[in-house]
Amino acid sequence: MKKTVLLVLIALNCAASQAQNYNLHTVFIYSFTRYVIWPEAYNAGEFEILVMGETPMFEALQKMAQMKKVGDRSIKVTKISNPTEIRKCNMLFVPAGRSSDLTDVVSRVDGQSILIITEEPGLGAKGSNINFIMKEGKLAFELNQSAVSRQNLKIANELSRLAILI
């Protein structure tokens, strides 16, 4: 019985740690909105973030969206189930559990100015624009400059200096 209680406590602690980690992810993502420049066609209406699949990041981004704006634009967070549902938006978050979909995501986003954000080691080199990683126990991010350029996005120097460039 004690072993079961201990396992439950460990699982809850890990879940709380993951939720806290996603709160930090949202701080980064909101900061990206100030240092990524989208083409004019992507600057009208709500600032939309698509989240693929089931992930605690969806709820974390929704909370952020209730409190923040991108300039004078409200933020809309929408959950999608698979790459076929990708449509015009500003950002697309692909959680680790959906990393195997990245090739399809990149091909569907091709030609659109959608910032693809992932969180699995190695995905920055595979076409993600920004990829969250843990470096020395801290959250960091990789920036794939060629992928960003292919999508007609521009990154401010301030953001590039903070990133691990690939």
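The values are calculated or read from the model by the stated rules, or taken from the named source; none is laboratory data. Everything quoted here is computed from the prediction, not taken from an experiment. Here the Cβ is made from the backbone with ideal geometry for all residues, glycine too, and neighbour counts use every protein chain on show. Calculation scope for accessible area: heavy atoms of the full protein, side chains included, ligands and nucleic acids excluded. Shrake-Rupley method; radii C 1.70, N 1.55, O 1.52, S 1.80 Å.
Of all the listed residues (S128, S81), the sole one being farther than 17 Å from F32 by Cβ and either of a type outside the set (A, V, I, L, M, F, W, C) or open to solvent by less than 20 Å² (accessible area, probe 1.4 Å) (or both) is S81. Elements of the type strands (runs of 3 or more DSSP E) sitting completely within segment 83-166 and holding at least 1 residues that are among the charged types (D, E, K, R): these cover 130-135, 138-143.
For segment 44-77, the set of residues classified as exposed (fewer than 15 other Cβ atoms within 10 Å of the Cβ), part of a strand (DSSP E or B) and of a type in the set (D, E, K, R) consists of K69 only. Checked against (1) open to solvent by 30 Å² or more (accessible area, probe 1.4 Å); (2) over 14 Å from the mean Cα position of the chain (by Cα), R98 meets all criteria but (2). Cβ-Cβ contacts under 8 Å between residues 6 or more apart (or on different chains), taken from a first residue in segment 22-40 that is modelled with pLDDT of 95 or more to a second residue that is open to solvent by 70 Å² or more (accessible area, probe 1.4 Å) and assigned to a strand (DSSP E or B), are listed as V36/K154; I37/K154. Between a first residue in segment 111-139 that is over 14 Å from L50 (Cβ atoms) and free of Cβ contacts under 8 Å to residues at least 40 places away in the same chain and a second residue that is among the aliphatic types (A, V, I, L, M) and open to solvent by 70 Å² or more (accessible area, probe 1.4 Å), which pairs have beta carbons less than 8 Å apart while being 6 or more apart in sequence or on different chains? That search, which allows pairs on different chains as well, returns nothing.
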